[in-house]
Amino acid sequence: MKDIYENPLITRYASAEMARVFSDDNRFTTWRRLWIALAEGEKKLGLNITDEQIAQMKAHVSDINYADAAAREKEVRHDVMAHVYAFGLQAPAAEPIIHLGATSCYVTDNAEVILMKEALELIKGKLLQAMKKLSAFALAHKGQPTLGFTHLQPAQLTTVGKRACLWLQDLLMDYEDLCAVIDGLKLRGVKGTTGTQASFMTLFDGDGEKVKALEKYVVEKMGFKSAFAVSGQTYTRKLDYNVLSVLSRIAQSAYKFANDLRILQNMKEIEEPFEKNQIGSSAMAYKRNPMRSERICALARYVITLPENEAITASTQWFERTLDDSANKRITIPQAFLATDGVLNLYVNVAGGLVVYDKVIAKHIAAELPFMATETVLMECVKAGGDRQELHELIRRHSMDAAAVVKREGGDNDLISRIKGDPAFAAVKDGIDAIMDPRNFIGRAEAQTEEFIADYIAPVLQKEKISDEETSINV
């Protein structure tokens, strides 16, 4: 439909697999699976529930009768009860026992955690793909000197691969945080209206052990290790804050990578992938805009802001619950995942197709390296018997004159020629060219790259068995 607003996270940015996680089919199928698990557990623990009732429920776990649910919701203004009713129409024998003893949050909250876990696993897989692409790039360029920058001003040399390790280390931290969040996920469990399990105590004639056993059964049936020990009507919304915080951290890392790349593309040192028929500008045909990196930043900026929303939600839940979280969650949770998914799909694509322009990098090094090399030249002259203070003053003067040529006249940096022509530096004149090899100025950057990837990244990729599958998104 073109006459109503469509969410661009679905139509342009996120992948089909992430959109499916938060689809109605997945959500309401999960509700029905939770109702089935509840009925099975209650039957197992002695309630009068028949095999036929459970069989009818299982027969209709995924063929949601949406029209019946929508019609009923118009009457009762309650989405969960509308779906209880619709499920009962399809499984009439089970109608009396569907949702037995439960409150709405039994399905809404437990399902939310289940969907978030599924989405977090997708995010983890794509994060690892980005790490794999970036580590391959880092190793391929581990020894390639490039200008380092502090304050966005030329500084000591590093290597292209070592710089990529800075991006990669951010992703590694995100991976570790993400794993901790996934491992810490808990279901709300089977807690009843205000979390006291009073309704289930009534069903089991005051037998608390059976109530605990029911919760354990449901939790394990849904693939989790535990539920929150205590809850109100809802699980604590700090869980949602924790989840969106880790997505925000991933977005921060992606923004840093893409922002750096946008600057490098401006300098013509490294470019993101650019297809043969891609158009960079509607007006300027020559342009190759870093549109993928810009899109990463655009989507990442949105995700970065979302934890504040969840922090407000978590801090304003009154006593056992208030409903002002519900409409908010319907927007923020899925869209945070959809946007992060879009960010990572782009990250994988860009990191796997970076184009490095060696000669431009070498040209930029040549323009700045003479200044950086003067300390080494000075030390070599002193070792040959020169006066450190006199030589330092001469280098200072030559440096100022060379800088003036570059800045005021737009000429090339001629500092080394000036030093070679100065008799005070005659003792090292023949060795200056060897000193000027950029690899003399990269320190342990190459070794650091190899060690970091071997010691930290490779073990993670091997443990996770990351494949080279491409993401299903148009970038």
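Side notes on the structure shown:
- When H83, H99, H78, H60 are arranged by Cβ crowding within 10 Å, least crowded first, meaning fewest neighbours, the order is H78, H60, H99, H83.
- You can think of it this way: the chain between T194 and A55 has 47.0 nm of extra reach, that is 0.36 nm per residue less the Cα-Cα gap.
- Dipole magnitude (debye, nearest 20) for the chain, charges at Cβ of Lys, Arg, Asp, Glu: 340
- Distance between the modelled labels on T236 and D412, one decimal in nanometres: 6.6 nm (7 Å Cα→Cβ projection).
- Each residue in H398, H151 was given a count of other beta-carbon atoms within 10 angstrom of its own, and listing them fewest first yields H151, H398.
- FRET efficiency for the pair H78 and D455, taken as 1/(1 + (r/R0)^6) with r the Cβ-Cβ distance and R0 = 56 Å, rounds to 0.55.
- Using the Cβ-Cβ distance between K44 and E6 with R0 = 45 Å, the FRET efficiency computed as 1/(1 + (r/R0)^6) comes to roughly 0.50.
- Listed candidates (i) 1.00; (ii) 1.16; (iii) 1.27 - label of the one calculated as Rg/Rh (Cα atoms, Kirkwood Rh): (ii)
- Against the chain, whose longest principal axis is taken from its Cα atoms, helix 208-221 shows a tilt of about 50°.
- Shown in residue order for segment 188-194 are the 3J(HN,Hα) couplings computed by the Karplus curve 6.51 cos²θ - 1.76 cosθ + 1.60 at θ = phi - 60°: 5, x, 10, 10, x, 5, 10 Hz (x for Gly and Pro).
- Restricting segment 287-386 to chymotrypsin sites (Phe, Trp or Tyr not before Pro) that sit in a DSSP loop and have at most 16 other Cβ atoms within 10 Å of their own Cβ leaves W318, F319, Y357.
- Here the relative contact order of segment 360-436, from alpha carbon pairs under 8 Å that lie six or more residues apart, stands at 37 percent.
- Each Cα pair under 8 Å and six or more residues apart adds its sequence gap; the mean of these over the residue count of segment 325-475 is a relative contact order of 25 percent.
- Free of any GluC sites (Glu not before Pro) that DSSP assigns to a loop and that have at most 13 other C-beta atoms within 10 Å, the longest stretch within the chain is 7-274.
- For the chain, the 222 nm mean residue ellipticity estimated from helices alone, with every DSSP H stretch of n ≥ 4 adding -39500 (n - 2.57) and the total spread over all residues, rounds to -20500 deg cm²/dmol.
- One chain, two ends: F274 and I331. Fully extended at 0.36 nm per residue, the span grows by 17.2 nm beyond their Cα-Cα distance.
- Going from the fewest other Cβ atoms within 10 Å to the most, the residues V343, V84, V355, V350 appear in the order V355, V84, V350, V343.
- Once the Cα-Cα distance is subtracted from the 0.36 nm per residue extended length, the D437 to S315 segment shows a gain of 38.1 nm.
- Mean separation of Cα contacts under 8 Å (6+ apart) over length of the chain, as relative contact order %: 20
Every number in this text was worked out from the coordinates using simple rules, so none of it is lab data. Computed from a prediction, not measured in an experiment: that's the story for all the values here. When we count neighbours, we look across all protein chains shown, and the Cβ atoms used for this are built from the backbone with ideal geometry, even at glycine.
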